[in-house]
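Chemist: Once you've had a glance at the structure underneath, I'll fire off some questions.
Taken together, the values in this text are just the output of simple stated rules run on the coordinates, not laboratory data. All of these numbers come straight from a predicted model, not from anything done at the bench. Cβ: placed from backbone, ideal geometry, glycine included. Neighbour counts: every protein chain shown.
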């Protein structure tokens, strides 16, 4: 039996913010965290492609029930887009399907082509995304040789900024920073930028620096987490109450209300909005997530 699987108590409920390494799937990271934490109850809040690095939010123990409700609607990335080559996957992991010299493009040309890809746009996701088509993941259909055409979806690109433009032979690498809504594919932005410029484009590097209220300053590498466990120290888990307070509007219940919500009862609406609201008891304990419906707030997940 390896360390962490039965030789120490279960970890506390909460979130671990991981700086995912390149080459790992999100499921790989969950598997590693299960071994480090000594529990099977670990999940993630939104995947990162294997090529990508950066912020991946993991839930441990009861916090796995929080993951599906987290309002991780705004995300920040840094990326490198290569102009002059298109690939089957819209990133560097796929084979090159077309090459067109891009050395003639000016900085102004590139910046002008980025403008229409900013704001509220309709985006066609990459065909190798995890979106299901008739119950099968799109990427699985592509690998089976099927031609997949996904429908465009509304997304918001709040900012799409160029940090550096580098040229080598007939290729142009554009280092960018993107702030976008959940559901936006940075690979698709790379593809569409290349298409708009007539030279093709794909992603060669992607790093997520922030998702919702969680950023790289809170993240730990897997090696750092392993070193903590090997030293016999507790994992740096963001407590469940702190995680809920950071992600949702707060409702402070009185004693009678706390008893009611603990038994699945309703609370009076406080006008905090339509999304999940975190309810805390008089002692500061996190009790539940509720949604306001008319004059009442209905529990959607109770944690006591």
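Chemist: Roughly what % antiparallel, to the nearest 5, for the DSSP beta bridges in segment 248-302? If you can, show how the numbers build up before the last one.
Modeler: Working: 12 of 15 bridges.
So the antiparallel bridges amount to about 80 percent of the total.
Chemist: A further question follows. Hey, what number do you get for the chain at 222 nm if only DSSP H runs of n ≥ 4 count, each worth -39500 (n - 2.57), divided across all residues, to the nearest 500?
Modeler: When only DSSP H runs of four or more count, the value is -6000 deg cm²/dmol.
Chemist: Sort 81, 121 so that the residue with the fewest other Cβ atoms within 10 Å of its own Cβ comes first and the one with the most comes last. Intermediate results must be reported in sequence, preceding the final value.
Modeler: Details: 81 28, 121 18.
Least crowded to most crowded, the residues run 121, 81.
Chemist: If you don't mind, another one. Over every pair of different alpha-carbon atoms in segment 248-302, take the mean of 1/r and invert it; report that Kirkwood radius in Å.
Modeler: Numbers: mean 1/r = 0.0946 Å⁻¹.
It works out to 10.6 Å.
Chemist: As a test, work out the antiparallel percent of DSSP beta bridges whose residues both lie in the chain, rounded to the nearest 5. Don't skip to the end; give the middle numbers.
Modeler: Working: 65 of 72 bridges.
If I count the DSSP bridges inside the chain, around 90 percent turn out antiparallel.
Chemist: Still on this model: Among 44, 27, 263, which one moves the most in a GNM of the chain with springs linking Cα atoms closer than 10 Å?
Modeler: Highest fluctuation among the options: 263.
Chemist: While we're on this one: Once R0 is set to 30 Å, what does the formula 1/(1 + (r/R0)^6) return for the Cβ-Cβ distance between residue 300 and residue 233, expressed as a FRET efficiency to the nearest 0.05? Don't skip to the answer; put the middle values down first.
Modeler: Values: r = 35 Å, r/R0 = 1.16.
Computed FRET efficiency for residue 300 and residue 233: 0.30.
Chemist: Rounded to whole Å and sorted largest first, list the principal axis extents of the Cα atoms in segment 188-272.
Modeler: 65, 44, 20
Chemist: In nm, what is the difference between 0.36 nm times the number of residues separating residue 25 and residue 120 and their Cα-Cα distance? Walk me through the intermediate numbers first.
Modeler: Values: separation 95, 0.36 × 95 = 34.20 nm, distance 2.94 nm.
This chain segment gains 31.3 nm when fully extended.
Chemist: Taking 2.2 N^0.38 Å as the expected size of a compact globular protein, what ratio does the Cα radius of gyration of the chain give against it, to two decimals? Don't skip to the end; give the middle numbers.
Modeler: On the way: Rg = 22.1 Å, N = 304, 2.2 N^0.38 = 19.3 Å.
Normalised Rg, Cα atoms only: 1.15.
Chemist: Here's another thing I want to ask about it. Need the C-alpha centroid separation for segment 266-302 versus segment 23-58, integer Å.
Modeler: For segment 266-302 versus segment 23-58, the Cα centre distance is 29 Å.
Chemist: Take 40, 35 and order them by how many other Cβ atoms sit within 10 Å, fewest up front.
Modeler: Working: 40 10, 35 15.
So the ranking, lowest neighbour count to highest, is 40, 35.
Chemist: Right, here's the next one. Nearest 0.05, what FRET efficiency do residue 88 and residue 266 give at R0 = 41 Å with Cβ-Cβ as r?
Modeler: Working: r = 52 Å, r/R0 = 1.26.
The formula returns an efficiency of 0.20 here.
Chemist: In a solvent-free Debye calculation with one equal scatterer on each Cα, what is log10 I(q)/I(0) for segment 229-272 at q = 0.19, 0.21, 0.34 Å⁻¹, listed in the order of the q values?
Modeler: With one equal scatterer per Cα and no solvent, log10 I(q)/I(0) is -0.73, -0.82, -1.12.
Chemist: Can you compute the label reach from residue 74? Point 7 Å from Cα along the Cβ direction, backbone N cut-off under 18 Å, restricted to segment 163-197.
Modeler: 177-185
Chemist: Could you list 33, 122 in order of exposure, starting from the residue whose Cβ has the fewest other Cβ atoms within 10 Å? Let's see the in-between values first.
Modeler: Working: 33 23, 122 9.
Going from sparsest to densest Cβ surroundings: 122, 33.
Chemist: Rounded to whole Å and sorted largest first, list the principal axis extents of the Cα atoms in segment 67-128.
Modeler: 46, 29, 21
Chemist: Under 15 Å from a point placed 7 Å out from the Cα of residue 166 along the Cα-to-Cβ direction: which residues of segment 9-47 have their backbone N that close?
Modeler: none
Chemist: Would you compute the Debye intensity of segment 1-118 from its alpha-carbon atoms alone, equal scatterers and no solvent, and pass along log10 I(q)/I(0) at q = 0.11, 0.16, 0.20 Å⁻¹ to two decimals?
Modeler: Per q value, in the given order, log10 I(q)/I(0) is -0.55, -0.87, -1.11.
Chemist: Dimensions of segment 195-243 along principal axes (Cα, Å, largest first)?
Modeler: 56, 27, 13
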